[in-house]
Amino acid sequence: MSKLKQVKQSVKTGLIGFGMAGRVFHAPFVNSHNGLELIRISTSNPEAAALATSLYPKTVIVPDAQAIINDPDIELVIVATPNTSHVPLAKAAMEAGKHVILEKPFTITSADAEELINVSEATGRLLTVHHNRRFDGDFATVKKLLASGMLGRVAELKINYDRFRPELRPHAWREEDLPGSGILYDLGAHLIDQALHLFGWPRTLHAEALIQRPGGKVDDRFEIILQYDGVRVALSSGMLIRQPGPHFVIHGDKGTFVKYGMDPQENALKAGYTPQTMADWGKDPESAWGKINTTWQGMNLQASVETETGRYQDFFKNVAEAIRGEAALQVLPQQARDTIRIIEYCFRSVREKRTLYLE
């Protein structure tokens, strides 16, 4: 007699926060992944609660985070709240026996990050950080290109995250003078995570962080230079760049790769699409493919490089599988802690107006 196949139970999930992060970057993936089940959303905002109810009618909407943390049915808690609340909410959730996904940036200080890592180890609960830009199609393309050797020995990598938002946003906490606010903690966390993922811990660091918009209270422009053995990595972002430059530039001793345009998944999510409702999810249009100019097997080559498909859903798939013991966790809290350490070093470099040696 054949044995009945055991049905794998989905991970019951609670989402704390239904601002842009929770609404756009978390809820759609939890709701559409068969390994996860979105059973609770907490928000104290009546308009957000009404929107959550309309989008997820089977999900219970509760007014505060404690209703999720104390729920015995919930295994996984997603913290998608302002940066200053990450530590107490994540700590309380793990101590209540929940696994935790924290929206990036992980924490405001590396000491806070260490504290949460210690709580994770003490409670045996999984802890990870939503560094979704590791799952950008263009970043996957860069990883493949570097592994291929087509550019030879890499000498320089530039990653730019350009925006044009000349007006300050009223009541936006990221633009208030609060711990963890500003563009370096926001967009910088993405670029730093990508650099560390590719090259590891740098030898030296030099940073600039500026306030360029009138009335601004926190940094809205930064540039970071990381030095490795023979490799220079430049990371930059700003809010007053109306004509964006290339997103990625790689120079090697055999050639150069240049890629314009951002991964399309964010805009698709903001328009209300998900991987289940969009046939070409994560696909870059051919007009946005990167260009390579190199010498390959004795031939001079200039060509377009088709962008890999972006897959934000793979972050959530990995978390669900890691909770069930079916896969190793991809975004480790120790890696996210190192991103915060780099941010701390950046602000120290700005204060001291000098290059820091990190070895």
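Just so it is clear, none of the values below were taken in a lab; they were calculated from the coordinates. Just so you know, these numbers come straight off a predicted model, no measurement behind them. Because the Cβ atoms are built from the backbone with ideal geometry, glycine has one as well, and the counts that use them run over all protein chains shown.
Each residue of the range 99-114 was assigned a 3J(HN,Hα) from its phi angle through the Karplus expression (A = 6.51, B = -1.76, C = 1.60, θ = phi - 60°), giving 6, 9, 10, 9, 4, 6, x, 3, 9, 8, 10, 5, 5, 4, 4, 4 Hz with x at Gly and Pro. Between Ala155 and Ala327, the simple label model (points 7 Å from Cα in the Cβ direction) yields a spacing of 3.8 nm.
Size of the chain: Rg and Dmax of its alpha carbons, in Å, are 21.0, 75.
Working note: Karplus 6.51/-1.76/1.60 with θ = phi - 60° gives the range 174-188 the couplings 5, 10, 8, 7, 10, x, x, 8, x, 6, 5, 5, 7, 7, x Hz, where Gly and Pro are set to x.
Mean separation of Cα pairs under 8 Å and 6+ residues apart, divided by the residue count of the chain: what relative contact order is that in percent?
The value is 18 percent.
Put simply, when 244-250, 118-124, 20-26, 284-290 are sorted by average Cβ atoms within 10 angstrom per residue, most first, you get 20-26, 244-250, 284-290, 118-124.
Peptides 162-170, 89-97 ordered by packing proxy, namely the average of other Cβ atoms within 10 Å per residue, highest first: 89-97, 162-170. Packing order of peptides 333-343, 269-279, 129-139, highest average first: 129-139, 333-343, 269-279 (average count of other Cβ atoms within 10 Å over each peptide's residues). Once the Cβ-Cβ distance of Glu95 and Leu356 is raised to the sixth power relative to R0 = 41 Å, the FRET efficiency obtained is 0.70.
Based on the Cα gyration tensor of the range 23-92, what are the three equivalent ellipsoid semi-axes, each the root of five times an eigenvalue, rounded to whole Å and given largest first? Please list the in-between numbers first.
Numbers: eigenvalues 64, 45, 30 Å².
After scaling each eigenvalue by five and taking roots: 18, 15, 12 Å.
Gap in Å between the Cα centre of the range 119-184 and the Cα centre of the range 77-106? Answer, in whole Å: 19.
Here the 3J(HN,Hα) profile of the range 300-307, calculated from phi with Karplus coefficients 6.51, -1.76 and 1.60 at θ = phi - 60°, is 7, 10, 10, 7, 8, 10, 4, 6 Hz, Gly and Pro shown as x.
How big is the antiparallel share of DSSP beta bridges in the chain, given as a percent to the nearest 5?
Here the antiparallel bridges make up roughly 60 percent for the chain.
With R₀ fixed at 25 Å, the C-beta to C-beta distance from Gln66 to Ala122 puts the FRET efficiency at about 0.75. Legend: residue pairs Lys144/Lys291; Lys254/Lys283; Lys58/Lys91; Lys143/Lys270, Cα-Cα distance threshold 21 Å; pairs beyond threshold, Lys254/Lys283; Lys58/Lys91; Lys143/Lys270.
Spacing of the modelled spin labels on Tyr273 and Trp296, each 7 Å from Cα toward Cβ, amounts to 2.8 nm.
A Förster distance of 25 Å, applied to the separation of the beta-carbon atoms of Lys58 and Val24, puts the FRET efficiency at 0.80. For Lys254, the residues 5 or more places off, or on other chains, whose built amide H falls under 5 Å of its own are Gly152, Arg153.
Based on C-alpha pairs under 8 angstrom that are at least 6 apart in sequence, the range 1-148 has a relative contact order of 19 percent. Take every Cα pair under 8 Å whose residues are at least 6 apart in sequence, average their separation, divide by the length of the range 139-289, and the relative contact order is 30 percent. For the chain, a simple Cβ point-charge model (Lys and Arg +1, Asp and Glu -1, everything else neutral) yields a dipole of about 440 debye relative to the Cα centre.
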